[in-house]
1. I'd like the full set of residues that are more than 20 Å from residue 90 (Cβ to Cβ) and surrounded by fewer than 19 Cβ atoms within 10 Å (Cβ to Cβ), limited to the range 48-64.
2. Suppose we filter the range 1-43 for residues that are in a helix (DSSP H, G or I) and closer than 30 Å to residue 87 by Cβ; how many remain?
3. Of the conditions (1) in contact with a helix residue (DSSP H, G or I) (Cβ under 6 Å, 6 or more places away or on another chain); (2) loosely packed, with under 12 Cβ neighbours inside 10 Å, residue 45 satisfies every one except a single condition; which number is it?
4. Within the range 44-128, considering only strands (runs of 3 or more DSSP E) that don't extend past its boundaries, which have at least 3 residues that are closer than 16 Å to residue 10 by Cβ and under 17 Å from the mean Cα position of the chain (by Cα)?
5. Going through the range 1-27 one residue at a time, which ones are surrounded by 12 or more Cβ atoms within 10 Å (Cβ to Cβ) and at pLDDT below 95?
6. Against the definition (surrounded by 12 or more Cβ atoms within 10 Å (Cβ to Cβ), touching a helix residue (DSSP H, G or I) at 6+ places or on another chain (Cβ under 7 Å), at pLDDT below 95 and over 24 Å from residue 21 (Cα atoms)), how does residue 73 come out, yes or no?
């Protein structure tokens, strides 16, 4: 078994879902992992990771609108506003979603469903540079 690791650097232009599936697949191809486990972890408190619909853009739009309604900005009771109106909100949204995900690797590909993709969910209004740790355990027979 071998561990492969890198950091994905993702620049966002503000709030929204950013698909990172292609970045992950590129690394799997480079590493030639046939069977294993892919682990992702975002190193931020105002962004998160998720697996969701990747075919129809309206599904992503609905998720973004839902999150706006679930955790709206500028609530009068927020006290954590040091970095702006989206400060408390972005942390609440990250708390409600995941900061890490694990995906099996089978036959040299992520074992996602037909319509699934991997996304970074940016919860801040302004552009950010995000870091996602990518760790893959290569369990391909040649490595035993």
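1. Keep residues of the range 48-64 that are more than 20 Å from residue 90 (Cβ to Cβ), which gives 51, 53-59.
The answer is 51, 53, 55, 56, 57, 58, 59.
2. Of the range 1-43, the ones in a helix (DSSP H, G or I) are 21-31.
Checking the rest, the ones that are also closer than 30 Å to residue 87 by Cβ come to 21, 23-24.
Qualifying residue count for the region: 3.
3. All conditions are met except number (2).
4. Working: elements: 47-53, 100-106, 116-122.
Strands (runs of 3 or more DSSP E) meeting the threshold: 47-53, 116-122.
5. 2
6. Numbers: surrounded by 12 or more Cβ atoms within 10 Å (Cβ to Cβ): yes; touching a helix residue (DSSP H, G or I) at 6+ places or on another chain (Cβ under 7 Å): yes; at pLDDT below 95: yes; over 24 Å from residue 21 (Cα atoms): yes.
Taking the combined requirement at face value, the residue satisfies it.
The values are calculated or read from the model by the stated rules, or taken from the named source; none is laboratory data. Owing to the predicted nature of the structure, the values given are computational and were not obtained by experimental measurement. Ideal geometry is used to build each Cβ from the backbone, glycine not excepted, and the neighbour counts take in all protein chains shown.
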